[in-house]
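Trainee: One structure, pasted below without further comment.
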Amino acid sequence: MTPSQDAPGTGVLTSRYQRSVAAYWNQEKNPVNLRLGEVDGTYHHHYGIGQADWSVLDGPESSREERVVRELHRLECAQADLLADHLGDLGPGHRVLDAGCGRGGGSFVAHQRYGCRVDGISISESQVAFANEQARQRGVAQEVRFHFRNMLDTGFPAGSMSAIWNNESTMYVELALLFAEHARLLRRGGRYVTITGCYNDAYGLPSRAVSEINAHYICHVHPRSTYFKELAAHRLVPVGVVDLTAAAIPYWELRGRSALTTGIEDAFLEAYKGGSFQYLLIAADRV
Ligand code: GPP
Ligand code: MG
């Protein structure tokens, strides 16, 4: 079936694949995202890192779920903070792009930290509307704006961005196309950061667990090698690489023992522990 020319998203969504991804995120209301976001009003769409406080499982049954929700949210906030740590020397005069912004959590973290102007983009109109409402409620709608745009063809001016990040969103696009657009948008000396799950070339091709992750999210996890090949091909020179694989495991162990499971927890644990999948932070300079 060919969508009609005036279907919603025409011009932003350029393939049937992108439409299917947008449809997933437009209807997504997982408690593991909404309940965690309600803890402090910062809604993330990525996973957590760091040691978990397992004592949250002890104590009164009636408040256990709330303690687990807070702890999972703390670990997700630690991940967002780590990404923000790598964004470089930013201030109120700078403009930055959150590519694949979800419900906006990471954009607010960066704005609070640096005072910079943030544009967040998503191909989910529901996410964009949600995030703009968050910006309004926080009183930062002038400085933090969310747009229904495609990260492969953003429409923002060349050289306009001092930093760009993808927090777990690169697996929805071809990296050659993504990094070409990032190289166009970043000013010389600007910073690119991604936190991503990638499959491990040293293990081989994608394991069953990695394939399950792809099927679950309708995504396409790339091999580690492709990141470095395509960064180098697009004037993005790595300045730091952090293997967060071990730091990612406690989050998934705790999430697997919570009431908020989505069914993908065992696949992540198997993929990380079996060595087929890695959770990496990569920071690069635009030269
Ligand atoms: C996080 O979003 C996950 C993705 C955007 C895609 C896959 C990421 C990999 C690293 C493979 P989420 O917080 O909405 O997911 P969930 O609903 O499972 O918490
Ligand atoms: Mg989540």
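Trainee: Could you order the peptides 168-177, 11-20, 190-199 from most to least packed, using the average number of other C-beta atoms within 10 Å per residue?
Mentor: 190-199, 168-177, 11-20
Trainee: Mind listing the phi-derived Karplus ³J(HN,Hα) values for the stretch 63-68, rounded to whole Hz, using 6.51, -1.76 and 1.60 with θ = phi - 60°, and x for any glycine or proline?
Mentor: Once rounded to whole Hz, the list reads 10, 4, 4, 5, 5, 5.
Trainee: Calculated from DSSP H runs of 4 or more alone, at -39500 (n - 2.57) each and per residue, what is the 222 nm mean residue ellipticity of the chain, nearest 500? List each step's numbers first, then the result.
Mentor: Working: 10 runs with 118 residues, N = 287.
Only helices count here, giving -12500 deg cm²/dmol.
Trainee: Just to verify a number: FRET efficiency for W54 and E28, C-beta to C-beta distance, R0 = 22 Å, to 0.05?
Mentor: The formula returns an efficiency of 0.15 here.
Trainee: If you place +1 on the Cβ of every Lys and Arg and -1 on the Cβ of every Asp and Glu, how big does the dipole about the Cα centre of the stretch 67-221 come out, in debye to the nearest 20?
Mentor: Here the stretch 67-221 has a charge dipole of around 440 debye.
Trainee: Another one. Note down the magnitude of the dipole of the chain about its Cα centre, charges +1 on Lys and Arg C-beta and -1 on Asp and Glu C-beta and zero elsewhere, to the nearest 20 debye.
Mentor: The dipole of the chain has a size of about 780 debye.
Trainee: Continuing with the same structure: If you take every DSSP beta bridge fully contained in the stretch 3-286, what fraction is antiparallel? Give it as a percent rounded to 5. Write down the numbers at each step before the final one.
Mentor: Details: 17 of 38 bridges.
Bridges in the stretch 3-286 that DSSP calls antiparallel: roughly 45 percent.
Trainee: Work from the charge dipole of the chain (Cβ charges, +1 for Lys and Arg, -1 for Asp and Glu, about the Cα centre) and give the residue of P92, V109, Q27 farthest towards its positive end.
Mentor: Ranked along the dipole, the leading option is P92.
Trainee: On to the next question. How big is the charge dipole of the stretch 91-136 about its Cα centre, in debye rounded to the nearest 20, if each Lys and Arg gets +1 on its Cβ and each Asp and Glu gets -1 on its Cβ?
Mentor: Once rounded to the nearest 20, the dipole reads 180 debye.
Trainee: Could you order the peptides 93-102, 272-281 from most to least packed, using the average number of other C-beta atoms within 10 Å per residue?
Mentor: 93-102, 272-281
Trainee: Can you compute the equivalent ellipsoid semi-axes for the stretch 3-286, i.e. the square root of 5 times each eigenvalue of the Cα gyration tensor, sorted largest first and rounded to whole Å?
Mentor: So the three semi-axes of the stretch 3-286 are 27, 22, 20 Å.
Every number in this text was worked out from the coordinates using simple rules, so none of it is lab data. Just so you know, these numbers come straight off a predicted model, no measurement behind them. We place every Cβ from the backbone using ideal geometry, glycine too, and count neighbours over all the protein chains shown.
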